[in-house]
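Reading through the structure tokens given below for one structure.
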Amino acid sequence: MSNPLEDRFEQARTVADAVLFEGYVLYPYRASAAKNQLRWQFGVLVPPAWTATTGEHSVQRTECLLEPRTGDRLHAELRFLHVRRRTVERLDADGSYTEVPELDLPDRVLVPWDEGHEERVLIHESLAELTGDQASVHAVRFDLPDSVEYEPVTDAEGRTLGRLVRRRKRLTGELRPRVEELPGPYRVLRLTVSVHNTTTAPKDAPLDRETALAHSLIGTHLLFGVPGGRFLSLTDPPEWARPAAASCQNDRTWPVLAGPPGADEVMLSSPIILEDHPAVAEESPGPLYDATEIDEILSLRTAALTDREKREARGTDARAAGVVDLVDAMPDAVRERLHGAIRGLREITGDDAAGEALPAAPDTGPSLPRGPGHPWWDPAEEAGAAEVPTAVVIDGATVRAGSRVRLTPGARRSDAQDAFLHGRHATVEAVVGDLDGETHLAVVVDDDPGTDVRRAQGRFLYFKPDEVAPLTEQEEAT
């Protein structure tokens with residue numbers, strides 16, 4: 001029988017897998033490439049002894065809001081990569097093995113490499129047991145001991161040529177879940193789950209990043225589910241839950257609703273900033289792992305690799321080999337789909353979301369002439385466009401070009417860069433409109449060394465009127 005929660009988790013894992021392997025191996029997918037010398041950039045939790053020397057942290061903390069409704073149990077899944085250091089050994093004539101920098105085979109070139117092995121830790125706990133003093137006894141601990149694995153390397157006739165040796169270092173950790181009921185007319189719980197790397201540094205171990213990674217959680221993220229309950233979005237919460245959402249403290253993670261739009265049974269806590277209900281583009285042919293390029297460019301570049309480069313990629317990692325095989329076998333029709341996609345066809349085809357033709361627009365006679373001297377994207381180009389006001393009223397004050405404001409971007413429409421500008425003072429350069437009829441303020445930030453260039457090129461920052469506040473006389477004076 002199908003498990004509805006597991007089905008939701010499985011849907012969320014398609015995105016969670018992209019998070020887990022973000023930047024895992026970069027084009028040109030070879031261990032020798034300079035891009036692949038510094039790895040593991042997201043969700044890295046090192047042992048406490050290495051935090052000062054690596055700049056990484058040992059703890060990740062997630063807080064989110066939950067309406068339990070009829071739900072009474074928390075199901076959580078911690079997922080991360082554990083480094084396995086792989087070396088290559090050649091079989092000598094006397095039957096012994098010698099470690100070598102590479103083993104050149106007809107189909108691949110095997111080289112030393114750090115593989116990422118997926119690990120999971122599960123929580124299945126009663127919400128009541130995670131509330132109050134009970135929570136202190138429900139820490140979930142895990143211990144992954146040292147291990148060594150050997151994989152023989154054979155030729156087409158089955159003769160042994162060498163072996164791969166994979167070594168895993170000890171890694172211990174702990175999950176600390178806790179539930180707190182918030183005051184108010186609605187029954188809302190604050191769910192807090194912290195992930196701790198508790199590994200003790202081996203005696204005399206170097207305190208460098210390379211050594212620390214062998215004992216680290218990498219790509220660390222969490223999936224939460226409460227059957228019968230409902231998670232609340234932290235980026236776009238209901239109005240009554242905004243104060244509680246704003247009080248949630250998330251360290252080195254970003255919780256979002258997972259699954260299809262409208263679903264609220266599962267939450268993904270990601271080390272990468274995502275929007276609610278993230279999804280992998282349906283045009284994507286498969287995982288390409290490189291965090292810096294789009295699928296089309298990666299596919300074309302990978303297809304252009306030489307045979308030697310492809311053999312090196314296949315010998316670097318099984319996932320890199322999968323990328324090369326995927327591109328080599330990609331049909332032209334799939335490759336063409338990568339060129340671009342139109343998500344909304346209503347204005348282009350005249351079809352609504354259900355695929356039915358919309359009524360034809362009334363005939364208004366010859367089209368109106370376009371406004372002279374404006375680029376196509378400027379609303380003023382259209383002679384019949386709505387007039388953009390020269391000023392807006394914010395908190396009872398009139399704001400126009402030259403007005404001084406304080407930037408107050410909120411979480412709903414802002415990106416990570418806007419968060420750094422919160423509270424900064426700025427000067428309004430213009431009041432402008434967009435093609436959707438929305439009004440925006442074009443601003444330059446105080447103390448921005450590039451202000452002159454921005455003004456000369458018209459490259460401003462844009463905020464909606466509710467994302468700024470007029471400066472008071474006291475703020476102006478200081």
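Ligands, DNA and RNA left out, the 1.4 Å accessible surface of segment 1-77 is 53% carbon and sulfur atoms. For LYS35, the lysines whose Cα comes closer than 20 Å to its Cα, not counting residues fewer than 8 places off in the same chain, are LYS310. Each stretch of four or more DSSP H residues adds -39500 (n - 2.57); spread over every residue of the chain, this sum gives -5000 deg cm²/dmol at 222 nm.
Among 445-452, 313-320, 106-113, 269-276, how do they line up by average Cβ neighbours within 10 Å per residue, starting with the highest?
Details: 445-452: 11.6, 313-320: 21.8, 106-113: 17.9, 269-276: 19.8.
Packing proxy ranking, top to bottom: 313-320, 269-276, 106-113, 445-452.
With all protein chains in place and a 1.4 Å probe, the accessible surface of segment 144-278 carries 51 percent carbon and sulfur.
Under 1.5 on a/c is rounded, so check that first for segment 207-296, then, if it is not, pick prolate when a/b is larger than b/c and oblate when it is not; a ≥ b ≥ c are the square roots of the alpha carbon gyration tensor eigenvalues. The shape class here is oblate.
When the surface is traced with a 1.4 Å probe over the full set of protein chains, GLU6 keeps roughly 80 Å² accessible.
Note down the net charge around ARG424, summing +1 for each Lys or Arg and -1 for each Asp or Glu among other residues with Cβ under 13 Å from its Cβ. Before the final figure, lay out each step's value.
On the way: positive: ARG404, ARG406; negative: ASP418, ASP446, ASP447, ASP448, GLU467, GLU475.
Within the 13 Å Cβ shell, the charges total -4.
If a/c stays under 1.5 just call it rounded; otherwise compare a/b with b/c (prolate if a/b is bigger, oblate if not). Do that for segment 429-478, with a ≥ b ≥ c from the square roots of the Cα gyration tensor eigenvalues. Here segment 429-478 falls in the oblate category. Among the GluC sites (Glu not before Pro) found in segment 20-73, not one is both in a DSSP coil and sparsely packed, with 16 or fewer other Cβ atoms within 10 Å of its Cβ. Anisotropy class assigned to segment 67-202 is prolate, per the alpha carbon gyration tensor with a/c at or over the 1.5 cut-off and a/b larger than b/c. Taking P(r) over Cα pairs in 20 Å bins from 0, in percent as calculated from this structure, the corresponding entry among (i) 16, 26, 17, 11, 10, 14, 5, 1; (ii) 18, 43, 33, 6, 0; (iii) 25, 61, 14, 0 is (ii). Averaged over its residues, the chain has an accessible area of 54 Å² per residue, based on protein heavy atoms and a 1.4 Å probe. With a 1.4 Å probe rolled over the protein heavy atoms of all chains, the accessible area of ASP434, ASP72, ASP236 falls in the order ASP72, ASP236, ASP434, largest first.
The values are calculated or read from the model by the stated rules, or taken from the named source; none is laboratory data. Just so you know, these numbers come straight off a predicted model, no measurement behind them. Note that we place each Cβ from the backbone using ideal geometry, even for glycine, and neighbour counts take in every protein chain shown. Side chains are part of the model used for accessible areas, which takes the heavy atoms of the whole protein and leaves out ligands, DNA and RNA. Shrake-Rupley method; radii C 1.70, N 1.55, O 1.52, S 1.80 Å.
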